[in-house]
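Note sheet for the following structure.
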Amino acid sequence: MTQEPEPGRQLSINLRDDALILSLSGHWTLSSAKPEDQGLSGVIEQLPTSAAVSFKTENLEDWDSVLLTFLTRTIDACSKRGLSVHLDGLPAGVQGLLKLAYAVPARSDAHHEETVPGFLESVGLRALAVWRLTASLLGFIGEATQSVLRLFGGRARFRSVDFWQFVEECGARALPIVTLISLLVGMILAFVGAHQLSMFGAEIYIAGAVGIGMVREMGAMMTGIIMAGRTGAAYAAQIGTMQVNEEVDALRTMGIDPVDFLVLPRVLALVLMMPVLCIYADVMGILGGALVGISTYGISSSEFMGELRKFVHFNDIAVGIFKCSVFGVLVALAGCLRGMECGRSSAAVGLATTSAVVTAITLIVASDAVMTIITTLLNI
Amino acid sequence: MAEPHIRVAGLTLAYGSFIIQRDLNFTVNRGDVFIIMGGSGCGKSTLLRHMIGLQKPAAGHVYFGEQGLWDVSDGERARLMRRCGVLYQSGALWSSMTLAENIALPLAEYTRLNPAEIRELVSLKLALVGLAGFEDYYPAEISGGMQKRAGLARAMALDPEILFFDEPSAGLDPISAKLLDDLILSLRDSLGSTIVVVTHELASIFAIGNNSVFLDPESRTMIASGDPRKLLAESGDPRVQAFLTRGIAHPDGH
């Protein structure tokens, strides 16, 4: 029953009556050629239960974990059939390692069961997840509101240094990216609009299209999304790391409310800066539109300004700023909520950050839809 | 003579339906250095979290004197906790603040001291833990052992009656660990604080502990309590013996 030897590593199977002798020779290492089963499992299946399995390793040159995995596989197969296995033929080191491997029996409850939910189950799980998100967000809004009330009652404490640092971080330092994105969005709006309008020779209306588009919608929306990626993610990561490092626990045991101390200054800073950023984004977007209109479609700057005045009213600006303030609250709350919920590992911080951005952007788009419908219905 | 300070009665610790430890009953006396010991993963730190008001027990009570930590209002619990200081495993210094600001925060929050007085107190606390002159360092700029000592200075900021330590010697070299143990003892002697330490370092257990509770992960409850040296000499439980002798006295069936 000797099998064809393969290069590097050889196994020969000798079956005599009730004794199965496995002779191992050559190099049983990770770098040698991949072993074949050579029908060994079939042979073990057919052995009578009185049989004994032993090993011969005189010609074994070299071994590592490959040999051990082969042996554990063989021993497991044998013990499943109740065969006795004699290890004395193996090198002493191998015997020692096998002893270690079998010293602590595998815990039956230690295996993780991975179940793939069916279609209906996964729909249900998603629905529950949405419900949980809503519940936790509402709860968190409640906590934050209480905290704001405490602030006005003079009982919520945070360090003003922290607050001003957050103001700088989400105000002045966000300007470059807001400038770039708004300018480009304004130019895109102008190009897209002008292409259609030029078919009627109505290029002059670019000013109104860009103005209304930026001021009512895109300025607020782009600022919201930029801040979700920039500041919301940072909030989640900062608070999440503090959670991992037990810093939040330390605040709690000092009797300092982490919502007052960590969440409140962050939310306030962002809510304070969002309207300012929004106005800035509006201006930059209109500037981008004007650049396109003046350079490509031959509109003079005074014409552009005149048209802009005709179309864009204070209402429109106010709606945009209001929307942007709402986005600010949502971004800050989503970031802080995910940070506070963060688990206690570095992987959890990554998840919290991702989740903060996804939550914030979802909330921005959903709330924008609602607000757009309401303002349209009310004719604001 | 021994006056009870913290009493744990029928405490069950659980995450959801998963029970970690049940039926814990023990008393920490005033002035004790009380050790919570047991193998890794037996729920030592979880027990600590219940004793410092971070996690609500599934059943049972933690009494500070006469008041049940979990039977009173949130505000009252915060007041009880103000009498405690906690040194976390990682130090848990607030990383955005300097050491001085870390220690000054609870002082500014709960005392009427002016900034100059606070600054003085902060320097004193840092000097007590051997970190004089490090006031304006950020936690990331000092070593792990120094972070722990700074954490201890913060825990002592309000002169607490009870100090809790979560694995104080984890991650420290033997000499730093020994120094921290000495510091814990001298604090107990000079401040008269009650000290509760979670640890599995045998050297620390015998050096500082005069009372203890032993948590067993298998049976999920406490299997011994008392002076660790007495436990070593007298306990007939093979699991306790194996732990306290680093497994030299082999337990049966383990």
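The values are calculated or read from the model by the stated rules, or taken from the named source; none is laboratory data. Because the structure is predicted, anything quoted here is derived from the model rather than measured. Neighbour counts run over all protein chains shown; Cβ positions are idealised from the backbone, glycine included. Surface areas here come from the heavy atoms of the whole protein model, side chains and all, with no ligands, DNA or RNA. Shrake-Rupley method; radii C 1.70, N 1.55, O 1.52, S 1.80 Å.
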Among (1) open to solvent by 10 Å² or more (accessible area, probe 1.4 Å); (2) in contact with a helix residue (DSSP H, G or I) (Cβ under 6 Å, 6 or more places away or on another chain) - the single one B:A92 does not satisfy: (1)
A:E341 being under 28 Å from A:V148 (Cβ atoms) and among the acidic types (D, E): yes
Condition met for A:L268 (in a helix (DSSP H, G or I), at negative phi and either open to solvent by 50 Å² or more (accessible area, probe 1.4 Å) or β-branched (V, I, T) (or both)): yes
Matching residues, region B:101-123, being open to solvent by less than 10 Å² (accessible area, probe 1.4 Å) and more than 13 Å from every other protein chain (Cβ to nearest Cβ): B:V122
Qualifying residue in region B:127-137 (condition: within 10 Å of chain A (Cβ to nearest Cβ) and of a type in the set (A, V, I, L, M)): no
Qualifying positions in region A:43-63 - open to solvent by 30 Å² or more (accessible area, probe 1.4 Å), outside any loop (DSSP other than H, G, I, E, B) and over 18 Å from A:L98 (Cα atoms): A:E45, A:Q46, A:E61
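For (1) away from chain A (no Cβ under 14 Å); (2) over 23 Å from B:W94 (Cβ atoms), each residue gets a yes or a no:
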{"residue": "B:D166", "(1), (2)": "no, no"}
{"residue": "B:K178", "(1), (2)": "yes, yes"}
{"residue": "B:L191", "(1), (2)": "yes, yes"}
{"residue": "B:V198", "(1), (2)": "no, no"}
{"residue": "B:N210", "(1), (2)": "yes, yes"}
{"residue": "B:E218", "(1), (2)": "no, yes"}
{"residue": "B:K230", "(1), (2)": "yes, yes"}
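For region B:132-239, please list each of the helices (runs of 4 or more DSSP H) lying entirely inside it that holds at least 2 residues being among the hydrophobic types (A, V, I, L, M, F, W, C) and open to solvent by 40 Å² or more (accessible area, probe 1.4 Å).
Result: B:174-191, B:202-208, B:228-234.
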Which listed residue is crowded, with 24+ Cβ neighbours inside 10 Å and in contact (Cβ under 8 Å) with a residue 12 or more places away in the chain, from A:M187, A:M221, A:M214: A:M214
Residue match in region B:22-29 (condition: of a type in the set (D, E, K, R), under 18 Å from the mean Cα position of the chain (by Cα) and in the same structural domain as B:V213 (by TED's automatic domain parsing)): no
From the options A:I380, A:I286, A:I299, residue that is within 26 Å of A:H195 (Cα to Cα), assigned to a loop (DSSP other than H, G, I, E, B) and in contact (Cβ under 8 Å) with a residue 24 or more places away in the chain: A:I299
Test for A:P105: is it at pLDDT below 85, part of a loop (DSSP other than H, G, I, E, B) and open to solvent by less than 80 Å² (accessible area, probe 1.4 Å): no
Scan of region A:13-42 for residues that are surrounded by fewer than 16 Cβ atoms within 10 Å (Cβ to Cβ) and of a type in the set (G, A, S), ordered by number: A:A19, A:S31, A:A33, A:G39, A:S41, A:G42
Conditions (1) in contact with an Asp or Glu (Cβ under 8 Å, 6 or more places away or on another chain); (2) within 9 Å of another protein chain (Cβ to nearest Cβ); (3) not in a loop (DSSP other than H, G, I, E, B); number of the one not met by B:A78: (1)
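Specify the residue that is farthest from the chain's Cα centre (by Cα); the eligible residues are those in region A:230-254 that are facing another protein chain (nearest Cβ under 7 Å) and more than 19 Å from A:A144 (Cβ to Cβ).
Here is the first cut: in region A:230-254, the ones facing another protein chain (nearest Cβ under 7 Å) are A:245-247, A:249-250, A:252-254.
Narrowing further to those that are more than 19 Å from A:A144 (Cβ to Cβ): A:245-247, A:249-250, A:253-254.
Values: A:N245: 20, A:E246: 22, A:E247: 23, A:D249: 24, A:A250: 27, A:T253: 30, A:M254: 32 Å.
The selected residue is A:M254.
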Selection from region A:342-380 of residues that are surrounded by 14 or more Cβ atoms within 10 Å (Cβ to Cβ) and of a type in the set (D, E, K, R): A:D368
Pairs where the first residue, in region A:69-95, is farther than 15 Å from A:L20 by Cβ and the second is among the polar types (S, T, N, Q), C-beta under 7 Å, 6+ apart: A:P91/A:T57
Candidate set: region A:64-82, residues that are of a type outside the set (V, I, T) and in contact with a strand residue (DSSP E or B) (Cβ under 6 Å, 6 or more places away or on another chain); chosen: the one surrounded by the fewest Cβ atoms within 10 Å (Cβ to Cβ): A:C78
B:G53 vs. criteria in contact with a Pro (Cβ under 7 Å, 6 or more places away or on another chain), within 14 Å of another protein chain (Cβ to nearest Cβ) and part of a loop (DSSP other than H, G, I, E, B): no
Count - residues of region B:39-50 that are part of a loop (DSSP other than H, G, I, E, B) and of a type outside the set (S, T, Y): 4
